[in-house]
Structure formats: structure tokens, C-alpha cells
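Student: Here's a structure for you.
Any read-out appearing in this document is the output of simple, stated calculations on the displayed coordinates, not a laboratory observation. This structure is a prediction, so every number in the text was calculated from the model and none was measured. When we count neighbours, we look across all protein chains shown, and the Cβ atoms used for this are built from the backbone with ideal geometry, even at glycine.
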Amino acid sequence: MEKSINITLKIWRQASPKAKGEFVTYKLDKVSTDNSFLEMLDILNEKLISERKEPIVFDHDCREGICGMCSLFINGHPHGMDAGTTTCQLHMRRFKDGETITVEPWRSKAFPVLKDLRVDRSAFDKIIQAGGYVNVNTGGTPDGNAIPISKLAADEAMDAASCIGCGACVATCKNGSAMLFVAAKVSQLALLPQGRVEGAARAKAMVSKMDELGFGNCTNTGACEAECPKNISISHIARLNREFLSAKLNS
Amino acid sequence: MWLIDSSIGRKLIMSITGIFLVLFLVFHGTMNFVVLFSAEAYNAIAGFLGANWYALVGTKLLAIGFVVHIIYAIYLSFQNQKARGGESYAVKNNQKSVEWASQNMLVLGVIVLGFMALHLFQFWSKMQLVEISHKLGLDNGGDLALAKDGAYWVKHYFENPVYSVLYIIWLVALWMHLTHGIWSAFQTMGAGGNIWLPRIKVISSILATLIILMFISIPVYFLLGFSI
Ligand code: HEM
Ligand code: SF4
Ligand code: FES
């Protein structure tokens with residue numbers, strides 16, 4: 001059954017990385033509760049454009065929770081208050097009629113604001129470039145199941161691989177730490193025989209890049225795990241610590 | 001040096017010093033607990049910890065442990081503050097699963113440190129310090145006979161309910177520091193996975209609670225009107 005609500009939005013507007021930003025309040029009436037949060041922002045932008053005002057810049061792409069492009073700190077939570085969902089999967093039925101919704105960009109030293117709600121997350125790409133891959137000698141296609149992998153390892157590697165690199169973990173962490181992301185990326189490879197070979201060098205390279213880029217020190221608050229849209233577990237952080245410490249102690 | 005330059009290295013130092021301090025607390029708590037049953041037995045144990053070489057080595061190690069833990073705590077907290085960036089969130093909420101203690105370890109640590117100053121003044125400066133001064137031929141005005149009578153000082157201070165309450169506040173702050181600190185140290189050292197993480201959390205909470213119960217039983221005992 002279609003229902004509609006009237007809402008007030010407090011949205012962060014910032015013209016450029018160096019400019020001083022501020023909250024601007026918008027009223028939006030008759031928002032269908034079937035709209036997704038991003039559709040609601042599209043409607044607001046259409047309205048702004050028709051009023052000859054500059055639309056609000058925000059990141060998005062797939063709109064089905066798989067690409068990791070959407071962000072937004074909504075009412076104090078990255079990707080909104082629901083666990084296990086991205087902003088593009090959040091719907092207006094989760095808000096009340098007359099509610100004021102505060103929308104802010106990810107805030108972290110390593111994720112500078114580019115414009116309005118869009119931040120620069122290329123720091124994550126740099127961490128991946130530092131070691132988040134496997135070197136393979138390409139040849140003929142190997143036979144399927146030629147390398148035996150236990151179901152347990154396969155499952156855990158798959159869970160780690162579900163990280164979409166959205167940065168919500170960094171955004172919500174009081175220490176601005178990227179450990180959950182790096183742990184997921186190290187784990188998905190370390191758990192499999194193909195990635196295991198370069199495990200030690202990878203852990204060292206990725207952690208050192210992460211530190212260099214100005215992410216904070218993890219103090220195991222668990223805020224990342226609670227807000228991660230893909231429910232990546234902090235047990236992967238223990239594995240990253242293990243990988244890194246044994247790599248350092250053995251070198 | 002990776003123990004200083006890398007985040008995980010810094011955390012390793014934090015966890016090793018933390019666990020070292022926890023081990024000290026286990027020893028200290030067990031020893032204190034004895035005072036509730038026998039003042040003589042307690043004094044006998046305290047007697048081992050005067051100005052002899054092993055007690056002095058222990059004291060020095062402990063002091064180093066504390067200083068390193070605190071220096072790293074401040075350094076890490078400073079770096080983490082910086083990593084947050086200039087602008088803070090207008091609205092920030094935590095999911096229910098995030099423990100308050102985990103977000104306020106420095107605050108709890110500073111509370112622990114403040115009360116520790118009081119504690120060192122009340123006990124250490126009247127006991128081991130007097131013995132050390134005496135050995136060095138200095139006189140800090142302390143009474144050497146009382147310096148060996150730990151039970152006397154316990155009674156002396158805890159018979160005053162104000163001190164008992166202060167110590168209880170201190171121990172509650174320490175308990176909160178430990179409920180997060182102990183499992184966090186294991187996590188930092190790389191222990192645990194999907195199965196062991198929840199187990200480590202439970203074991204750590206039990207350990208933290210047992211340690212604090214041993215300590216807190218003494219001021220509570222006195223507050224209930226008993227004496228030793
Ligand atoms: C008897 C005293 C203390 C004990 C047993 C203790 C124990 C611990 C333990 C086990 C940890 C966890 C380490 C980790 O997460 O890897 C920790 C963390 C911490 N401690 Fe203490 N601590 C004590 C006193 C203090 C004091 C006096 C301060 C500060 C003035 C302090 C500040 C901190 C901070 C900020 C952390 C969090 C750092 C992090 O997790 O990276 N602690 N403590
Ligand atoms: S770990 Fe979770 S919150 Fe962090 S980047 Fe990956 S999907 Fe996003
Ligand atoms: S837009 Fe792709 S995950 Fe949200």
C-alpha cells in the first residue's frame with residue numbers, strides 16, 4: 001500500500017574540498033515510502049534543478065548493494081540505521097512522517113570531502129594496489145578443483161570477499177581506522193592456497209600503505225562490524241594481526 | 001622500527017604491556033584477598049615485597065610497564081584523533097553492540113591513573129618506599145615497623161568509609177577498562193577466529209570480573225561494618 005510522508009532534510013553542502021561547508025535545510029513533501037533513500041534524493045535534486053539551484057552531489061552506481069559506491073552518514077549511522085544494508089538499499093518507509101533527517105558525508109582524514117556528500121575514497125584503491133592481488137603465471141586454464149580447498153576456508157574467504165569497499169567502517173570508527181577493510185582484503189586471499197603464497201608480503205605492504213595514508217590505529221571497538229553493510233566480522237582483523245605479526249617476526 | 005612505525009606494532013606494545021599489568025593485578029588481587037582471612041598471612045606475603053632485590057626488580061619492571069602503556073596510550077589516542085579529520089559529525093550514534101568502555105579507554109585509563117596516585121601515596125610511600133629509604137640511609141619520616149605491617153594500613157584507610165567508596169569507584173573504572181582491554185589484547189595479538197572470538201570475550205570478562213571482585217571485596221567488607 002502506497003503511503004507518503006513529509007520530511008525535513010539537513011544536508012551537508014560544501015562547494016569544494018577547501019571550501020567551508022554547512023548544513024542546508026530542505027523540506028520535501030509527499031515522499032512515497034516505497035522510494036529508496038537515493039530516489040528521494042533524486043526527487044529533491046529534480047526539485048532543486050527546476051528551481052535553478054545546484055543539485056546535491058552524492059555517490060551512487062549500482063543501486064542494488066553490490067558496487068560500494070553509495071555512502072552517506074544518515075542520522076548518525078553510515079548507510080543509515082539498519083544493519084547489513086547499503087544506503088541504496090535503505091527505503092523511506094524506515095522514516096516517520098515529519099522526521100528531520102541529517103545527511104553528512106563520510107568524515108575521516110583519509111577520505112577528504114570533494115563536494116557536498118561525495119568524498120575521495122581513492123585511499124582504498126591505493127591500499128589494494130599495494131598488495132591486494134595475486135601474481136599468477138597465466139597459462140592454460142587449470143582444471144576445476146585441481147587445488148583442494150576446504151568448505152570452511154572457502155566459506156570464510158567468500159564472506160571476506162563480500163566487502164564492497166564502501167568505507168563505512170572507516171567513517172564510523174572513532175579512530176578512523178581502515179582495519180576492517182584491509183582485514184577483509186587480506187583474508188579473502190590468505191585463506192586460499194593461491195593467495196597464501198604471497199600472504200606475508202601482502203599483509204606487510206597493505207598495512208604499511210594503510211598507515212602511510214593516515215588511517216588510525218584499531219582499538220577493537222567493533223563499531224565497524226556493527227555498521228558494515230556486508231557484515232564483515234572483526235575476526236578477520238585478528239587474522240590480519242596474525243598475518244602481519246608473524247610476517248614481521250619472521251623477517 | 002615497526003613497533004613504533006606501524007599501527008599493529010604499536011598495538012602489540014599496548015597489548016603486551018596491558019597483559020603484563022593484568023598479570024600483576026592477578027597477583028596483587030590474590031595477595032590482597034588474603035587480608036580478609038588472616039592479617040598475619042597477609043603481612044607475611046607483604047614481607048617478601050620489601051626492599052629486597054627481587055621486589056625491587058619487580059617494582060621497576062612494573063613501573064616500566066605502566067610508563068610504556070601510558071605513553072603508547074597517549075600516542076595512539078593522539079594519532080587516532082588526527083585520523084578522524086577536522087570536522088566531526090553533527091549526529092553520531094553507535095549500534096547497541098558497541099561497548100561504551102571500548103570507546104573510552106583513555107578516559108578510563110586516566111581515572112585509573114588518578115586514583116593510582118592516591119593509592120601509591122597511601123600504601124607504597126608508607127611501605128616499600130620507607131624500606132628503600134631506610135636501606136639507603138635516608139629518612140623520609142616513615143616508621144619502619146609500620147612499613148612491614150600492611151594489614152595496619154589496610155585497616156587504617158578502609159575504616160574510613162570515604163576511602164572505601166573512593167577505592168570502589170576506582171575499581172569500577174578499572175573493571176570497565178579490563179572488560180574491553182583483556183579480549184582486545186588477545187585480538188591485537190592475533191588470537192581467535194570465528195569460533196574463538198566470542199569465547200575469548202567471555203573468558204576475558206570472567207577474568208576481569210574475578211580480578212576486580214578480589215580487590216573490591218576489601219572495601220566492601222569494611223563498608224559492611226566488618227574489620228580485620
Ligand atoms: C592496572 C592498570 C592497567 C591495566 C591492567 C591496563 C590494561 C590494558 C589492556 C589489557 C589493554 C588492551 C590492549 C589492546 O587493546 O591491545 C589496554 C588498553 C588501553 N589502555 Fe590500559 N591498562 C591499565 C592502565 C592504563 C592507564 C593508566 C592508561 C592511561 C592513562 C591506559 C590507557 C589505555 C588505552 C588508551 C587503551 C586503549 C588502546 C588500544 O586499545 O589500542 N591504561 N589497557
Ligand atoms: S569492511 Fe564493510 S564497511 Fe568496510 S569497506 Fe568493506 S563492506 Fe564497507
Ligand atoms: S550504489 Fe552500489 S552499493 Fe549502493
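Student: In square nanometres, what is one fourth of the surface area of the convex hull spanned by the alpha carbons of chain A?
Tutor: Over every viewing direction, the Cα hull of chain A projects on average to 16.7 nm².
Student: Let me ask something else. For the range A:4-104, what does the relative contact order come out to in percent, with C-alpha contacts under 8 Å and a separation of six or more?
Tutor: Here the relative contact order equals 35 percent.
Student: Could I ask something else about it? Which values, in whole Å and largest first, are the semi-axes of the equivalent ellipsoid of the range B:9-92 obtained as the square root of 5 times each eigenvalue of the Cα gyration tensor?
Tutor: Over the Cα atoms of the range B:9-92, the semi-axes work out to 39, 16, 9 Å.
Student: Over the range B:1-91, what is the mean sequence separation of C-alpha contacts under 8 Å (at least six apart), divided by residue count, expressed as relative contact order in percent?
Tutor: 33 percent
Student: OK, next. Which whole-percent values make up P(r) of the protein assembly as shown when all C-alpha to C-alpha distances are grouped in 10 Å steps starting at zero?
Tutor: Pair shares across the bins are 4, 17, 23, 19, 16, 12, 6, 2, 0.
Student: Cα-based Rg (one decimal) and Dmax (whole number) for the range B:37-86, in Å?
Tutor: Rg, Dmax (Cα atoms, Å): 18.9, 58.
Student: Right, another one. Taking a threshold of 18 Å on the Cα-Cα distance, which of the pairs A:20/A:126; A:27/B:92; A:109/A:248; A:126/A:204 fall above it?
Tutor: Exceeds cut-off: A:20/A:126; A:27/B:92; A:109/A:248.
Student: On to the next question. So if I restrict to the alpha-carbon atoms in the range A:76-208, what is the Rg, and what is Dmax, the biggest pairwise distance, in Å?
Tutor: Taking only Cα atoms of the range A:76-208, I get Rg and Dmax of 18.4, 62 Å.
Student: Which trypsin sites (Lys or Arg not before Pro) does the range B:1-87 hold that lie in a coil by DSSP with at most 13 other beta carbons within 10 Å?
Tutor: none
Student: Right, something else. For Cα pairs less than 8 Å apart in space and 6+ apart in sequence, what is the mean separation divided by the residue count of chain B, i.e. the relative contact order in percent?
Tutor: Answer for chain B is 31 percent.
Student: Within chain B, which whole H helices from DSSP have a Cα span along their axis of at least 24 Å and a mean Kyte-Doolittle hydropathy of 0.5 or more, if any?
Tutor: B:7-33, B:53-83, B:105-122, B:161-188, B:196-223
Student: Counting trypsin sites (Lys or Arg not before Pro) as exposed when in a DSSP loop with at most 16 other beta carbons within 10 Å, what is the longest stretch of chain A free of them?
Tutor: Values: sites that count: A:3, A:18, A:20, A:52, A:53, A:63, A:96.
Answer - A:97-251.
Student: Going through the range A:174-240, which GluC sites (Glu not before Pro) have at most 16 other Cβ atoms within 10 Å and a DSSP loop state?
Tutor: Sparse-neighbourhood loop GluC sites (Glu not before Pro): A:198.
Student: Straight distance only, please: which aspartates and glutamates reach the Cα of residue A:230 with their own Cα at less than 12 Å, same-chain residues fewer than 8 apart left out?
Tutor: Cα-Cα hits under 12 Å: A:82, A:159.
Student: Now, a different point. Out of the range A:1-60, which GluC sites (Glu not before Pro) are coil in DSSP terms and have no more than 12 other C-beta atoms within 10 Å?
Tutor: A:2, A:51
Student: Relative to the compact globular guide of 2.2 N^0.38 Å, what is the alpha carbon radius of gyration of the range A:118-176, as a ratio?
Tutor: On the way: Rg = 16.3 Å, N = 59, 2.2 N^0.38 = 10.4 Å.
Dividing the Cα Rg of the range A:118-176 by 2.2 N^0.38 Å gives 1.57.
Student: Also: Scale the Cα Rg of the range A:4-104 by the rule-of-thumb value 2.2 N^0.38 Å and send over the ratio, two decimals.
Tutor: Against the empirical 2.2 N^0.38 Å value, I get 1.04 for the range A:4-104.
Student: How big is the C-alpha Rg of the range B:114-174 next to the rule-of-thumb value 2.2 N^0.38 Å, as a ratio?
Tutor: For the range B:114-174, the normalised Cα radius of gyration comes out at 1.23.
Student: From the Cα gyration tensor of the range A:19-65, with a ≥ b ≥ c the square roots of its eigenvalues, which class applies: rounded if a/c is under 1.5, or else prolate if a/b is larger than b/c, or else oblate?
Tutor: Here the range A:19-65 falls in the oblate category.
Student: Cα atoms only, chain B: Rg and Dmax in Å?
Tutor: 19.8, 61
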